[in-house]
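Single-structure report; data block below.
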Amino acid sequence: MGESIQAVRGMNDLLPGEAGPWQALESAARETFAEYGYREIRLPLLERTELFKRSIGEYTDIVEKEMYTFTDRGGESLTLRPEATAGIVRACLSNGLLHNQRQKVWCAGPMFRYERPQKGRYRQFHQIDVEALGFEGPDVDAELILMSARLWKRLGLTGLTLHLNSLGTPESRAVYRARLVEYFRGHAEVLDEDSRRRLDGNPLRILDSKNPAMREIVAGAPLITDHLDDASARHFEGLRARLDDAGVGYTLNPRLVRGLDYYSRTVFEWITGDLGAQDAVCSGGRYDGLVAQLGGDPVPAIGWALGEERIVELMRLSPGTTAEATVDVYLALAGEAAERTGLRLAERLRDALPGLRVETNCGGGSFKSQLKRADRSGARLAVILGDDEVARGVATVKPLRENGEQRQVPLEGLAATIAAERARAPA
Ligand code: ATP
Ligand code: MG
């Protein structure tokens, strides 16, 4: 026997019985997006490496050290997507979706980053992502944030805080950047290695440093919000007024710069106090320059992405969240005639009672062992069928969760009996 093969580090299996909160999150998101008129888009997991280098930015964690990049058999450099926005913009451009049109889209799926695996941080993780392309804002900025707030409400998640900032335009940022470089140069001796390297490449990223030793110097740095151009300042006020109108609270956080280069103006993050160090559950921002940067005509755009693993963890922590649905009825079958009749009977039940979850016993076994399986399945009812029952046109219905008489029911009346049981004590 060979040694068993392990999963890749930082990549998780989602096992049977664990999918409940994932399914609840994904369907709540799908319903919420539909309510705002956002449509689904599904894209390849692999893109040309160039796409991410040109969009995310050279001096970012992702491009510097986190991408899963390889050369395919044709000699082309490809990268497993580390985030969704670049691919969405690429798809909009290559399919002409921004010619005299605007788009409100969402997508969901796995992302890949070569990070140090720890709680809430994995190498394959999952995002749900929303983007609005072709909108100047700040109305759409507010809409996107309201949509995220509605999703939290739907999921019963309280205790998330919205952090909000504006990064201005590339021009206003250049002025700020010069001030920042001057400030950090004045404190060069306390900068860590990452920060020293970023000083020339992208000094704003120093503000995003996760190194506690950098906290003090970051706290004393000049604030970007003191350097906004007039139009960006008005845009930011407009967003804040709309959030105020809607009663969505927020914390102004002038040090929130976000880890990707393409953002401009609005940036935000939903933060939780319940997950330890990995506290950002949803992050987003405006990227007015990205479409042009990737070769299109300039189109303003904004989006956000939530981390499914982190949201699922919050759902597990909050009481009364969704367990995976169990079956309603377990069909125990013994004998050749019973097995063949049983398979057809299960189909008839599914026809008659849409949504009913019926598990058919497969692979035989004694009634005793089948009833054990029935019990483990979580079913409320067992339907028992042997060859002599088939001959008499009846089945035995046995309640498994509550005290109740087991009784014989004609096969034609079985659906009605199950429907009555369902109505009596809904799951
Ligand atoms: P962080 O600051 O935690 O590294 P980030 O700024 O890199 O997050 P984004 O690129 O904005 O994150 O991705 C959006 C969301 O995806 C984050 O808010 C987070 O919830 C989730 N996320 C990011 N990286 C990971 C990861 N490696 N594992 C699990 N979730 C992640
Ligand atoms: Mg990160």
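First select every other residue whose beta carbon is under 9 angstrom from the beta carbon of G168; then total the charges, Lys and Arg +1, Asp and Glu -1. Don't skip to the answer; put the middle values down first.
Values: positive: R173, R265; negative: E171, D229.
Summing Lys/Arg as +1 and Asp/Glu as -1 gives 0.
Residue by residue through region 414-422, which ³J(HN,Hα) values in whole Hz follow from phi under the Karplus form 6.51 cos²θ - 1.76 cosθ + 1.60 (θ = phi - 60°), with glycine and proline marked x?
Once θ is set to phi - 60°, the couplings for region 414-422 become 5, 4, 5, 4, 5, 4, 5, 4, 4 Hz.
Rounded, prolate or oblate: pick one for region 286-337, where a ≥ b ≥ c are the square roots of the eigenvalues of its C-alpha gyration tensor, a/c under 1.5 means rounded, and failing that, prolate if a/b is larger than b/c, else oblate.
Details: a/c = 6.77, a/b = 2.43, b/c = 2.79.
Oblate is the answer for region 286-337, as a/c is 1.5 or above yet b/c matches or exceeds a/b.
Note down the relative contact order for region 326-427 as a percent, whole number, built from C-alpha pairs under 8 angstrom at least six residues apart. Display every interim value, and only then the final one.
Values: 158 pairs, mean separation 30.2, N = 102.
30 percent.
Please turn the phi angles of region 154-162 into ³J(HN,Hα) values with the Karplus equation 6.51 cos²θ - 1.76 cosθ + 1.60 (θ = phi - 60°), one per residue in order, whole Hz, x for glycine and proline.
4, 7, x, 8, 10, x, 8, 10, 8
By the scheme Lys and Arg +1, Asp and Glu -1, what is the net charge of all other residues having a beta-carbon under 15 Å from that of S318? Working shown, then result.
Numbers: positive: K153, R154, R310, R316; negative: D274, E313.
In short, +2.
Counting other Cβ atoms within 10 Å, keep those with at most 10, restrict to DSSP loop, and tell me which trypsin sites (Lys or Arg not before Pro) in region 1-52 are left.
Those satisfying the criteria are R9, R42.
Please label the shape of region 38-131 as rounded, prolate or oblate, based on the square roots a ≥ b ≥ c of the eigenvalues of the alpha-carbon gyration tensor (a/c under 1.5 means rounded; beyond that, a/b larger than b/c means prolate, else oblate). Provide the component values of the computation, followed by the final result.
Working: a/c = 1.98, a/b = 1.35, b/c = 1.47.
Oblate, since a/c reaches 1.5 and b/c is not below a/b.
Can you list residues whose amide H is under 5 Å from Q127's amide H, if they're 5+ apart or on another chain and H is modeled 1.01 Å from N?
Excluding prolines and chain starts, which carry no amide H, the hits are G109, M111, E308.
For the chain, what % of the accessible area comes from carbon and sulfur atoms, probe 1.4 Å?
On the way: 10470 of 21160 Å².
Result for the chain: 49 percent of the exposed heavy-atom area is carbon or sulfur.
With a probe of 1.4 Å, find how much accessible area region 72-168 has per residue, and write the answer as a whole number in Å². The partial results should precede the final answer.
On the way: 3840 Å² over 97 residues.
I get 40 Å² per residue for region 72-168.
Under 1.5 on a/c is rounded, so check that first for region 187-238, then, if it is not, pick prolate when a/b is larger than b/c and oblate when it is not; a ≥ b ≥ c are the square roots of the alpha carbon gyration tensor eigenvalues. Don't jump to the answer; show the numbers that get you there.
Numbers: a/c = 2.90, a/b = 2.27, b/c = 1.28.
Since a/c reaches 1.5 and a/b is larger than b/c, the shape of region 187-238 is classed as prolate.
Could you pull out the trypsin sites (Lys or Arg not before Pro) across region 49-123 that fall in loop regions by DSSP (anything but H, G, I, E, B) with no more than 12 other Cβ atoms inside 10 Å? Intermediate results must be reported in sequence, preceding the final value.
Numbers: sites: K53, R54, K65, R73, R90, R102, K104, R113, K119, R121, R123; in loops: R73, R102, R113, K119, R123.
Sparse-neighbourhood loop trypsin sites (Lys or Arg not before Pro): R73, K119.
Residues with beta-carbon under 15 Å from that of E216, excluding E216: net charge, scoring Lys, Arg +1 and Asp, Glu -1? Before the final figure, lay out the partial values.
Values: positive: K210, R215, R255; negative: E189, D192.
Local charge sum for E216: +1.
For M67, what residues show an amide H to amide H distance below 5 Å, using hydrogens built from the backbone and excluding near sequence neighbours?
The list, which skips near neighbours in sequence, is Y114.
Rounded to the nearest 0.05, what FRET efficiency do R30 and Q406 have when you use their Cβ-Cβ distance and R0 = 35 Å?
0.30
Each residue of region 133-139 in turn: what ³J(HN,Hα) in whole Hz from Karplus with 6.51, -1.76, 1.60 and θ = phi - 60°, glycine and Pro shown as x?
Calculated HN-Hα couplings, in order: 10, x, 10, 6, x, x, 4 Hz.
Test of understanding: what is the full-extension gain from R179 to L15, defined as 0.36 nm times their sequence separation minus their Cα-Cα distance? Numbers along the way, then the final one.
Values: separation 164, 0.36 × 164 = 59.04 nm, distance 5.12 nm.
That works out to 53.9 nm of additional length.
If you count only protein heavy atoms with a 1.4 Å probe, what accessible area per residue comes out for region 280-392, rounded to a whole Å²? List each step's numbers first, then the result.
Numbers: 5050 Å² over 113 residues.
Counting only protein heavy atoms, the per-residue value for region 280-392 is 45 Å².
Enter the accessible area per residue of region 9-59 (Å², integer; probe 1.4 Å; all protein chains in place).
Numbers: 3080 Å² over 51 residues.
Result: 60 Å² per residue.
Quick query: amide H of R357 versus all other amide H atoms, modeled in the peptide plane; which residues come in under 5 Å with a sequence gap of 5 or more or a different chain?
HN-HN under 5 Å from R357: D328, V329.
Counting other Cβ atoms within 10 Å, keep those with at most 13, restrict to DSSP loop, and tell me which trypsin sites (Lys or Arg not before Pro) in region 185-230 are left. Can you show the working numbers first?
Working: sites: R185, R196, R197, R198, R205, K210, R215; in loops: K210.
Passing sites in region 185-230 are K210.
The values are calculated or read from the model by the stated rules, or taken from the named source; none is laboratory data. These figures come from a predicted structure and were not determined experimentally. All Cβ positions, even for glycine, are placed from backbone atoms using ideal geometry, and neighbour counts span all protein chains on display. Quick note on the areas: whole protein, heavy atoms, side chains included, nothing else; ligands and nucleic acids left out. Shrake-Rupley method; radii C 1.70, N 1.55, O 1.52, S 1.80 Å.
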